[in-house]
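Engineer: Structure in structure tokens, see below.
The values are calculated or read from the model by the stated rules, or taken from the named source; none is laboratory data. Computed from a prediction, not measured in an experiment: that's the story for all the values here. Cβ placement follows ideal geometry from the backbone for every residue including glycine, while neighbour counts extend to all protein chains displayed. Accessible surface areas use protein heavy atoms only, side chains included; no ligands, DNA or RNA. Shrake-Rupley method; radii C 1.70, N 1.55, O 1.52, S 1.80 Å.
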Amino acid sequence: MEYTTLGKTGLKVSVAGLGCGGFSRLGIPHGKTEDEAARLIHEAVDLGINLLDTAPVYGTEAVVGKALKSIPRDSVVVATKAVVYRNKEWHTPERVVASLDNSLRLMGTDHVDVFQLHGVLPGEEYRYSLETLGPALLEQKRKGKIRHIGMTEQPVEDFTHETLVRATQDDIWEVFMVAFHMMHQSARKNLFPLTRQKRIGTMLMFAVRSIFAKPERVAAAMREAATKGQVEKWLGESAAPLDFLLHAGGARDITEAAYRFARHEPGVDVVLFGTGDAGHLRTNIASLLESPLPESDRQKLATLFGHLVGVGMDAAPMQTR
């Protein structure tokens, strides 16, 4: 495993992070028991992963708690979240603190390393997060229940990272979770220069998700983009528009290419991925530890897709607002 420092937090984190949500949720939706899911966390830790990202809405905090019973607490970085606005209801500071306390109870720990406000939209939601919830988070940090405060964007609607770009102006936020992948590269220009300047740690989501794990989704996305005149015509006509990445010295498959592309982007600290299978876990880690894609391939990806925003973001499972 390779490690880096998560921005100004000083936390030493693995470049591969285990996402405990998404579609996989550690295999629980597909029949795994909580004990089996906890063993999967142990396997990830044995392979060098030390960052675990969960959230109340994922339903996996109790599983993380099971795993933590036999993992030295100071050997892992645990991140969880609280929602700001859902189902037409603002979550008060008291409710967010209660969410934090329940997360700590479920995970059997007295602190969370990174506590993030979940899927914050620009405008009113961001202002509420900063002005109303921010003081309560800082108080919990002073009490030692939170080590570092972060925020995750809502990529289904905020394609251009407006929330996080705005958040770089406020010192309270130390870690961001941001969407970035081969066909959604906007953070390269809009956000990463700012996070690098401000030393804000970044955890990447959507590096693969289902769009690059399922070739038919890539082809469908390119057909739609070509119809709109957003990409070259041949990309819309090809059944395998990314096969130019598969060659000697390049990637073995599209999923590997997607992980290598995201992992080596300047400004990316940790690439999160979800899994419910030990073999898949090992394959993903191996891909993330590969060398960067050839520069010619990276340049071609930038030329073909660098202007696109929001491709593949429709696959994000988000609660109704």
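Engineer: Which members of region 257-279 meet the condition of being open to solvent by 20 Å² or more (accessible area, probe 1.4 Å) and assigned to a helix (DSSP H, G or I)?
Structural biologist: Matches in region 257-279: R263, A278, G279.
Engineer: I've got another one for you. From the list I211, I200, I149, I172, which residue is touching a Ser or Thr at 6+ places or on another chain (Cβ under 8 Å), under 30 Å from I49 (Cβ atoms) and among the β-branched types (V, I, T)?
Structural biologist: I200
Engineer: Given G119, G134, G108, which one is over 20 Å from the mean Cα position of the chain (by Cα), open to solvent by less than 10 Å² (accessible area, probe 1.4 Å) and not aliphatic (A, V, I, L, M)?
Structural biologist: Just a single option satisfies the conditions, and that option is G134.
Engineer: What are the residue pairs meeting all of these: first residue in region 62-73, first residue part of a loop (DSSP other than H, G, I, E, B), second residue modelled with pLDDT of 95 or more, Cβ atoms under 9 Å, and 6 or more apart or on different chains?
Structural biologist: Partner pairs satisfying both residue conditions: K69/A38; K69/G108; S70/A38; S70/H42; I71/I41; I71/H42; I71/V45.
Engineer: Given the conditions (1) within 15 Å of the chain's Cα centre (by Cα); (2) part of a helix (DSSP H, G or I), which single one is not true for A219?
Structural biologist: (1)
Engineer: Does any residue in region 156-169 that is in a loop (DSSP other than H, G, I, E, B) come within less than 7 Å, Cβ to Cβ, of a residue that is open to solvent by less than 10 Å² (accessible area, probe 1.4 Å) and modelled with pLDDT under 95 six or more places away or on a different chain, and which pairs are these?
Structural biologist: These pairs meet every condition: V156/M313; F159/M313.
Engineer: What is the residue count in region 222-256 for residues that are in contact with a strand residue (DSSP E or B) (Cβ under 6 Å, 6 or more places away or on another chain) and either without any contact (Cβ under 8 Å) to a residue 24 or more places away in the chain or surrounded by fewer than 16 Cβ atoms within 10 Å (Cβ to Cβ) (or both)?
Structural biologist: 0
Engineer: Residue by residue through region 176-221, note down the ones that are out of contact with any Gly (no Cβ under 7 Å at 6 or more places or on another chain), of a type in the set (K, R) and in contact (Cβ under 8 Å) with a residue 24 or more places away in the chain.
Structural biologist: R188, K198, R217
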